[in-house]
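The values are calculated or read from the model by the stated rules, or taken from the named source; none is laboratory data. Worth saying up front: this structure is predicted, and the values here are computed from it rather than measured. Every residue, glycine as well, gets a Cβ built from its backbone with ideal geometry; the counts of neighbours run over all protein chains shown.
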Amino acid sequence: MADSEKKVRVSGEQPRVEATASSASILPTTEKPQPPKPSLHPAFYVVTWIGFSGGVILFNKWLLDTLGFKFPITLTAWHMIFATLMTQVMAKTTTLLDGRKIVKMTGKVYLRAILPIGFFFSLSLICGNKAYLYLSVAFIQMLKACMPVAVLLITWAMGVAPPSLKTLGNVSFIVIGVVIASYASVEFNMTGFLYQAGGISFEATRLVLVQRLLSSAEYKMDPLVSLYYFAPVCAVMNGITALIVEIPGMTMQNVYDVGIFMLIANALVAFLLNVSVVFLIGKTSSLVLTLCGILKDILLVALSMMIWGTPITNLQFVGYTIALGGMLYYRLGAEQLKGYLQNAGRSWSEFGVQRPALRKVLVFALVLITLFLLLGGLAPTYAPTQTKNLKDIFSTGLGS
């Protein structure tokens with residue numbers, strides 16, 4: 001009896017084993033899906049933004065100063081007209097401006113928020129471009145290091161944030177560095193300095209107004225959507241100003257001397273800068289954006305020294321270094337900056353262990369570049385005759 005019951009249990013359990021085996025072979029294996037790999041490395045967006053940002057500044061300086069197109073207000077109006085046309089086309093043909101659909105833009109908001117921001121944006125563009133007629137790119141970038149200080153003071157003045165002596169102390173190094181760089185500048189010009197100071201003040205006011213507007217989630221806009229709304233306002237304001245101030249004294253020959261194609265290329269580079277900012281913010285972090293801005297400023301100073309032979313004194317170099325260090329400290333903070341430096345040191349040590357030869361090459365190249373930039377900037381100050389002779393040799397093809 002027991003044997004028969006055992007056989008029944010065994011025979012009854014057997015189909016379940018077969019069913020389990022068969023079901024296991026039928027059910028698909030579920031593996032954790034791999035995240036999609038990014039199409040482009042974040043470094044691509046960093047390099048693109050630095051290239052367009054620096055390119056706009058150098059391009060404008062070349063048009064306004066080197067090529068003699070002495071109409072900065074007209075140039076900014078052209079930039080805004082081009083940006084207005086491009087954003088309208090992109091809104092209808094791409095998805096890059098879909099963010100405007102979530103913005104509750106009414107006539108009242110446009111008059112109370114967009115128009116004032118556009119007004120200060122226009123003034124900052126006009127003053128910033130006017131400064132290129134009087135100052136070098138290197139000195140302008142040194143003065144721009146004061147932007148965080150201007151934003152902080154205007155934030156307090158407009159009641160957006162309460163004043164703080166501790167925060168004021170954190171930005172004091174930026175002020176000290178810029179004062180030293182300005183005092184030691186070889187090519188200081190009071191008119192250009194006032195234009196640039198005005199441009200910084202107007203731009204800081206614009207940034208504070210944008211910050212106050214975007215404090216509400218319903219008005220959150222990326223830079224490209226902001227340009228979609230601000231560009232028409234700036235185009236009208238700058239256009240009217242140009243019609244009154246510059247266009248009566250301008251002829252078509254001035255345009256032909258520069259070239260219509262060159263003006264279109266200049267406006268296109270300025271517009272692509274706004275597009276690259278959107279991708280940079282989306283693909284990287286605020287830390288990367290801060291570091292990229294400082295790196296861009298350093299590269300612009302170096303390129304200005306090489307392209308236009310801008311003389312940089314030792315004291316000016318020290319002052320600018322202090323200003324950049326103060327800017328980095330203010331934006332990151334002591335503890336966060338210390339953590340990043342420690343992580344960077346460990347990464348550099350691991351890189352040296354893995355690829356010691358390549359690290360030696362990079363160190364050697366960095367030393368050579370630093371010496372080249374220092375000598376290139378100091379040579380016009382301490383050896384003007386030799387520097388001029390060397391430039392003449394290169395410009396005439398080694399005497400040919």
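Conditions tested, residue by residue: (1) at pLDDT below 85; (2) surrounded by fewer than 17 Cβ atoms within 10 Å (Cβ to Cβ); (3) touching a Phe, Trp or Tyr at 6+ places or on another chain (Cβ under 7 Å).
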{"site": "R206", "(1), (2), (3)": "no, no, yes"}
{"site": "A217", "(1), (2), (3)": "yes, yes, no"}
{"site": "V233", "(1), (2), (3)": "no, no, no"}
{"site": "P248", "(1), (2), (3)": "no, yes, no"}
{"site": "G259", "(1), (2), (3)": "no, yes, no"}
{"site": "L273", "(1), (2), (3)": "no, no, yes"}
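Within the range 151-158, is even one residue in contact with a Pro (Cβ under 7 Å, 6 or more places away or on another chain) and either farther than 23 Å from W62 by Cβ or outside the structural domain of L75 (by TED's automatic domain parsing) (or both)? Walk me through it before giving the result.
So the first thing to find is which residues in the range 151-158 are in contact with a Pro (Cβ under 7 Å, 6 or more places away or on another chain), and the list is 156.
Now restrict to residues that are either farther than 23 Å from W62 by Cβ or outside the structural domain of L75 (by TED's automatic domain parsing) (or both): 156.
Yes, the range 151-158 contains at least one residue that is in contact with a Pro (Cβ under 7 Å, 6 or more places away or on another chain) and either farther than 23 Å from W62 by Cβ or outside the structural domain of L75 (by TED's automatic domain parsing) (or both).
Which condition does E246 not pass, out of (1) without any contact (Cβ under 8 Å) to a residue 60 or more places away in the chain; (2) more than 19 Å from the chain's Cα centre (by Cα), if it passes all the others?
(1)
Give me the pairs, please: first residue somewhere in the range 272-294 and at negative phi and in a helix (DSSP H, G or I), second residue anywhere and at pLDDT below 75 and among the acidic types (D, E), beta-carbon distance under 6 Å, and either six or more positions apart or on two chains.
Taking only residues 6 or more apart or on different chains, the pairs are V278/D222.
Can you tell me which condition Y229 does not meet? The list is (1) more than 18 Å from the chain's Cα centre (by Cα); (2) surrounded by fewer than 17 Cβ atoms within 10 Å (Cβ to Cβ); (3) farther than 25 Å from S136 by Cβ, and all the others hold.
All conditions are met except number (2).
Take S201 and tell me if it is small (G, A, S), in a helix (DSSP H, G or I), out of contact with any strand residue (DSSP E or B) (no Cβ under 7 Å at 6 or more places or on another chain) and under 20 Å from N60 (Cβ atoms).
Working: small (G, A, S): yes; in a helix (DSSP H, G or I): yes; out of contact with any strand residue (DSSP E or B) (no Cβ under 7 Å at 6 or more places or on another chain): yes; under 20 Å from N60 (Cβ atoms): yes.
Yes; evaluated as a whole, the condition is true for this residue.
So which residues in the range 302-322 are of a type in the set (V, I, T) and not in a helix (DSSP H, G or I), if there are any at all?
T310, I312, T313
In this structure, is L97 over 30 Å from E187 (Cβ atoms), among the hydrophobic types (A, V, I, L, M, F, W, C), in the same structural domain as S226 (by TED's automatic domain parsing) and crowded, with 19+ Cβ neighbours inside 10 Å? Working first, answer last.
Details: over 30 Å from E187 (Cβ atoms): yes; among the hydrophobic types (A, V, I, L, M, F, W, C): yes; in the same structural domain as S226 (by TED's automatic domain parsing): yes; crowded, with 19+ Cβ neighbours inside 10 Å: yes.
So L97 fits the description; yes.
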